[in-house]
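Read the structure below first, then the notes.
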Amino acid sequence: MEELVEVHPEKCTVCLSCQLACSFRNYGFFSLSKSMIKVSRLGTKVSIEFLAGCKGCLECVKWCLYGALKPKKGLPK
């Protein structure tokens with residue numbers, strides 16, 4: 001969903017709120033393994049990846065508390 005979301009991994013704290021929000025919206029329960037966004041840290045490097053099943057609902061953006069995920073300009077916030 002990189003066409004809908006600006007990703008700023010340097011702002012990510014790996015709180016996983018985006019992953020939990022995604023799974024809850026799509027499945028009705030919290031599950032990191034069911035999320036369509038995956039956030040991970042290797043040392044000081046953070047990776048944010050959207051999986052093929054992502055529907056572009058932007059729920060992850062709504063729940064990102066640190067500005068690591070933002071809607072691209074021209075999209076509703």
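Just so it is clear, none of the values below were taken in a lab; they were calculated from the coordinates. What you see is a predicted model, and the numbers here were worked out from it, not measured in a lab.
Which one, [x] 50; [y] 28; [z] 73, gives percent of Cα pairs over 19 Å apart as derived from the coordinates shown? Checking each listed value against the structure points to [y]. Short-range pairs are left out: with C-alpha atoms under 8 Å and at least six residues apart, the relative contact order of the chain is 41 percent.
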